[in-house]
1. Of (1) at the interface with chain A (Cβ under 9 Å from one of its Cβ atoms); (2) closer than 17 Å to B:A121 by Cβ, B:A41 satisfies all except one. Which?
2. Looking for whichever is more than 12 Å from every other protein chain (Cβ to nearest Cβ) and aliphatic (A, V, I, L, M) here; the options are C:L51, C:L88, C:L66, C:L59. Which one fits?
3. Which one of these does C:N188 not meet: (1) part of a strand (DSSP E or B); (2) more than 20 Å from the chain's Cα centre (by Cα); (3) of a type in the set (S, T, N, Q)?
4. Which one of these does E:Y167 not meet: (1) within 11 Å of the chain's Cα centre (by Cα); (2) modelled with pLDDT under 95; (3) among the aromatic types (F, W, Y)?
5. From (1) closer than 21 Å to B:F32 by Cβ; (2) small (G, A, S); (3) crowded, with 24+ Cβ neighbours inside 10 Å, pick out the condition that doesn't hold for B:A181.
6. Closer than 20 Å to D:G84 by Cβ, of a type outside the set (V, I, T) and buried (at least 21 other Cβ atoms within 10 Å of the Cβ): does that describe F:G64?
7. Out of region A:67-107, which residues are of a type in the set (S, T, Y) and crowded, with 23+ Cβ neighbours inside 10 Å?
8. Please give the number of the condition B:T182 fails out of (1) closer than 20 Å to D:M187 by Cα; (2) not in a helix (DSSP H, G or I); (3) not basic (K, R).
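The values are calculated or read from the model by the stated rules, or taken from the named source; none is laboratory data. Predicted model, so just to flag it, every value in this text is computed and none were measured. Cβ atoms come from the backbone with ideal geometry, glycine included; neighbour counts cover every protein chain shown.
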There are 6 protein chains.
Amino acid sequence: MRPSQRRPDQLRPLRFTRSFTQHAEGSVLVEFGATRVLCTASVAAQVPPFLKGRGQGWLTAEYGLLPRATSERTPREATRGKQGGRTLEIQRLIGRSLRAALDLPGLGERTITLDCDVLQADGGTRTAAISGAWVATHDAIATLLASGALATSPLVHQVAAVSVGVYRGEPVLDLDYAEDATADSDMNVVMDETGRFIEVQGTAEGCTFSRAEFDILLDLAANGIDEILAAQRAALADTLPDRDLAGEANG
Amino acid sequence: MRPSQRRPDQLRPLRFTRSFTQHAEGSVLVEFGATRVLCTASVAAQVPPFLKGRGQGWLTAEYGLLPRATSERTPREATRGKQGGRTLEIQRLIGRSLRAALDLPGLGERTITLDCDVLQADGGTRTAAISGAWVATHDAIATLLASGALATSPLVHQVAAVSVGVYRGEPVLDLDYAEDATADSDMNVVMDETGRFIEVQGTAEGCTFSRAEFDILLDLAANGIDEILAAQRAALADTLPDRDLAGEANG
Amino acid sequence: MRPSQRRPDQLRPLRFTRSFTQHAEGSVLVEFGATRVLCTASVAAQVPPFLKGRGQGWLTAEYGLLPRATSERTPREATRGKQGGRTLEIQRLIGRSLRAALDLPGLGERTITLDCDVLQADGGTRTAAISGAWVATHDAIATLLASGALATSPLVHQVAAVSVGVYRGEPVLDLDYAEDATADSDMNVVMDETGRFIEVQGTAEGCTFSRAEFDILLDLAANGIDEILAAQRAALADTLPDRDLAGEANG
Amino acid sequence: MRPSQRRPDQLRPLRFTRSFTQHAEGSVLVEFGATRVLCTASVAAQVPPFLKGRGQGWLTAEYGLLPRATSERTPREATRGKQGGRTLEIQRLIGRSLRAALDLPGLGERTITLDCDVLQADGGTRTAAISGAWVATHDAIATLLASGALATSPLVHQVAAVSVGVYRGEPVLDLDYAEDATADSDMNVVMDETGRFIEVQGTAEGCTFSRAEFDILLDLAANGIDEILAAQRAALADTLPDRDLAGEANG
Amino acid sequence: MRPSQRRPDQLRPLRFTRSFTQHAEGSVLVEFGATRVLCTASVAAQVPPFLKGRGQGWLTAEYGLLPRATSERTPREATRGKQGGRTLEIQRLIGRSLRAALDLPGLGERTITLDCDVLQADGGTRTAAISGAWVATHDAIATLLASGALATSPLVHQVAAVSVGVYRGEPVLDLDYAEDATADSDMNVVMDETGRFIEVQGTAEGCTFSRAEFDILLDLAANGIDEILAAQRAALADTLPDRDLAGEANG
Amino acid sequence: MRPSQRRPDQLRPLRFTRSFTQHAEGSVLVEFGATRVLCTASVAAQVPPFLKGRGQGWLTAEYGLLPRATSERTPREATRGKQGGRTLEIQRLIGRSLRAALDLPGLGERTITLDCDVLQADGGTRTAAISGAWVATHDAIATLLASGALATSPLVHQVAAVSVGVYRGEPVLDLDYAEDATADSDMNVVMDETGRFIEVQGTAEGCTFSRAEFDILLDLAANGIDEILAAQRAALADTLPDRDLAGEANG
């Protein structure tokens, strides 16, 4: 029995609150149960040096954890003077995942920066961040379309992510912190709306997993991601005051 | 006329949302109009090295700005590898202001860390942070009292803060960003419930102010702080599920 | 056709040179074709603070690239003042993978530090590093057994790793740099001697992969890892002057 | 009774030694009793990036403490790898204060950098630094006028600063270290030659102060600053070999 | 008697392995007994900012120690976040020494970066590095000549280095670690093929040396350097596949 | 002809001002012509970790340059976030040189920290710093003797330093900046009162020097150091108010 009483294949309650803050081109508070991540998408009219003059855009991500998002206070990385290995690993994952959603030449010489800041952590912050960041990216692009800066949307895929793992010998979907802390193995899966994989990261610290377990975990993840994709589309169906335009990712 | 149509002596709408996040001993979202700061108070059972064995507690503060809290994206300090001068200046101010609220020996050998993270900025983030941090400190101490860790509250003063300044030649209370960016001079005032000053920081970059203007600004600030103190007390009057105890700062 | 003329399921020539340097308890130069990584295992009689007094050991890894291991000179991380995200990601992966080989309580309060320094890079440095680091770990433990510091070997699993990917539409094993730079997708797989997975990290930057492709890639990886495990065992069969003891990982 | 036997409204002996070092455009050793600060003003023919092409100048300040300026050795900030919060706070204050003395467009696209390095500390280093930096700024501008680089002086105000505080219940002027270390409250005041305020920074760590005390402290500060302004003018009355030009701030 | 049984004026066995790695324009593994340093020379078609537009080239050096090159593991400088004083001192010495070999205007607007990474340390790493770096520099320039990028070689001097010192009261050549750790004094000498000095660095920590001892040490060094210069020339006599050109430093 | 009209073997005017600042146990302003360095010696009752419990003392040095000690402003190292290679090289040299003056076991478990801060630079700052630091060390030890903390002086040698070089083909003593900037070669020599060498650092960037030139330079240095040693002794002959004790280094 899972600590949260959920069925093995049951997601936590999902919520996407768009326009959670007012300054960013896209701003989404994503909640997977008690995990709450603020995802903002900022558009800048320039690209990093390695892309200058190539006629294409870029997307990058940064991840942070408010110090008391966790049950014990986590020291602030700005105070420690550097981002830790876990942070860098997560923000690189978010960036790669969301770049898979975009036609970068279609974005023009612009950079979208996704800031994913965890207000409250209860397991699965990186997959929640990816799922929320996709909605924020959608809204940032809608802003560009609305202003006429772009004529066609470069958002060519819908992207969502979830974690799966083996908890007390049983494969489960969308681990919360109580499960994650004692899980035998843990896998983060990122997929698009066609069912193809963007990232698969399976770790079995303190344990290992067989090919059969692996297959079951991928099935669980694929079903969970289907539900998250549907929830993203539902959130986009709501009209945003002066911003939302078209359901370019609905098809 | 102020851009927000407020009277010169009018505060923005205030809101204190307690228990905004679940892990911290005190967690308050404070809103001064569109300025929104998450203030968490964390209690640790140890003190910094310079206080070891002195039988007293400590309180310290850290301040951060989410990258897209501002209208232009502000680079993340964790990425830049250090906190800037403005951040250090603000968090030192918050720490000094809240230590004035506490009887540090009465806290025992504990440290309260206040994390003030700006989710959305529209001017006056440091004074909003101080006003919210006081409520978070109150709730953290209520937790210690409820658990029996402390028998008597060391919270001996109520503390609030506001900014005042001269905008287009007229002294005004609680400047928002539109006013702050063009103000002739700017002053942050921190006071306690008895009307005594804890900090006064007046800056007149690009201008100067006379003794007469100074006196008018202090009067405006004192009246504004009275209203903020009342709003803090009103927020504490609401019962928090399993936490709130007594109005020890009301007397 | 692969640039190296290899068959899709063909590894590059493998070589493990033990005792490549003289000071470390284990020192192995591993070569996967032109990729050459020096893996040293150092034993220290202490554990990190978070494990003090728990009666168990620890294993950690660090990764580096000599500046001219690459075809363009890579700036030295010591000069830049920090390790990059890629480095941190790789050394975390190596550490997790090798910890899966050890019974940490059986190691006692000791830390094994694996330093994996790339002398020459031609793709697949992280998987070569894991495969070589296992041999270095073996030799470091043999040193502890030979000196009587340990009575029983805590090396409970054999560990090896390889990369697989889709190159010009075809799944291939053990990508070299020419393939890696243009691969559609890339996966690093770490397994033990029983065929169970320790880590699976699949990335499809600029592309995605289907479940069917995923399955083929895992099959390729499993076969490649079998060959690497055999090469590790063959390398251990050679007697090292005054060090090698027993084939405790052969069973 | 003050430890130094001074009357409550009595400054320490002041001395401004111009041309203390030979390379800087302005170089002043300022002494407030045993507090000795070397203030140099350096002129560069460029402005920071945020001001490029705006046709105006800039002034910035840096502050340092020689390690043994203090009674206990203070670790060197260059060795610790960063400037502390106190240093940043002070140098920001010096910069704002001196910018108030200048007509920045009149300076042209030049930057004046003030380096204020404390050779010996006995309280009040930041206010001594501001008072000395004004003389150094004057001399740097005199150099520009003498060379013909500027036709008119952009030095439109005279600036001086002093600290005041409540020591053993009594308001006193210009606290030395023995007073500062035990003061109930402390205020730094920066004013110009017309009696207008540039900065007021009052702190009451461990105490608070009433409006009445505040008013008395401001009066003390205003009188002390009058004396410092006179001492600055007296120092400028001495002819400097090949440099001093005109008393443009005397009027 | 020296621990290695060598005569006082006897070098350790020398070996220069050219083309040790494949990517660098020059790549030499130099061995002085058990001291092994990988020296690579990288050519870039640009110069540092301070030389832009001056029509001359530059040469710079970086030095590193693999963590387990030493008998106790040395913490990795990339992890500690900065290069230590010893590292900076050594790489500045290598850079100055090798710039003395070059006619910098004849190099054109190019920078040669020498990376000297110690794989195994047994005393004298900096002098081995200089001696090996000269061969790597030679090969990098041969590459430029072969490609036609340069018509004439700017390598105008041959450079080698050795350490000498007083061990148990007797002057000895080419100290190994066992000698170095207990030497009374230590001197590093860098000379060219004409017998002129490029650098002399004598240190007598824990001791001092007389003018007479100094003269004997310089004689020892001069003879040792003659042998090293001969070994460098012998190494260059071997043809390198597709690279080596001419013995421009042999005359 | 030297720019300063000095004879080739002529030092600049020397001055040692003791008790230049009041807090340090030893505080000396040393002047070699226009080069002015403040040398303070601070005593702490502890040793670095690597010496704990060994019953001996330690001496270490730090070096800094005030930003406008130089004719162009040098960026502050505290602002840049690290000490440069030149600074580290110099402070290591000062530390080694002064440790040669002390019987470290005789100092007991204490550390003397020498801070050498250049107020004005005109060539030869490192050798001036060593010469001044010796006087500061003397005075710090006199303080320990006067207080009874030490019964016998551990200052067993007198130490001084000077630079020599070849300027326009002629060997000269004590180079000033005008000479140093264009010198063919440069050597720093540190000696004790018996004429033995502590350090010799000869550099010939852009040139080389013969054995014959080397010998002439050492002769020049030895004579110059004799004069500096005499000037140090003369400075110590003056009684310091409540501090100076005995000429323990004169014998």
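1. Going through the list (1) at the interface with chain A (Cβ under 9 Å from one of its Cβ atoms); (2) closer than 17 Å to B:A121 by Cβ, B:A41 breaks only (2).
2. Values: C:L88 fails: more than 12 Å from every other protein chain (Cβ to nearest Cβ); C:L66 fails: more than 12 Å from every other protein chain (Cβ to nearest Cβ); C:L59 fails: more than 12 Å from every other protein chain (Cβ to nearest Cβ).
Just a single option satisfies the conditions, and that option is C:L51.
3. The one condition C:N188 does not meet is (2).
4. Unmet condition: (1).
5. For B:A181, the failing item is (3).
6. Values: closer than 20 Å to D:G84 by Cβ: yes; of a type outside the set (V, I, T): yes; buried (at least 21 other Cβ atoms within 10 Å of the Cβ): yes.
When the stated conditions are applied, F:G64 passes them.
7. From region A:67-107, those of a type in the set (S, T, Y) are A:70-71, A:74, A:79, A:87, A:97; that's our starting set.
Listed by number, the list holds a single entry, A:S97.
8. The failed condition is (1).
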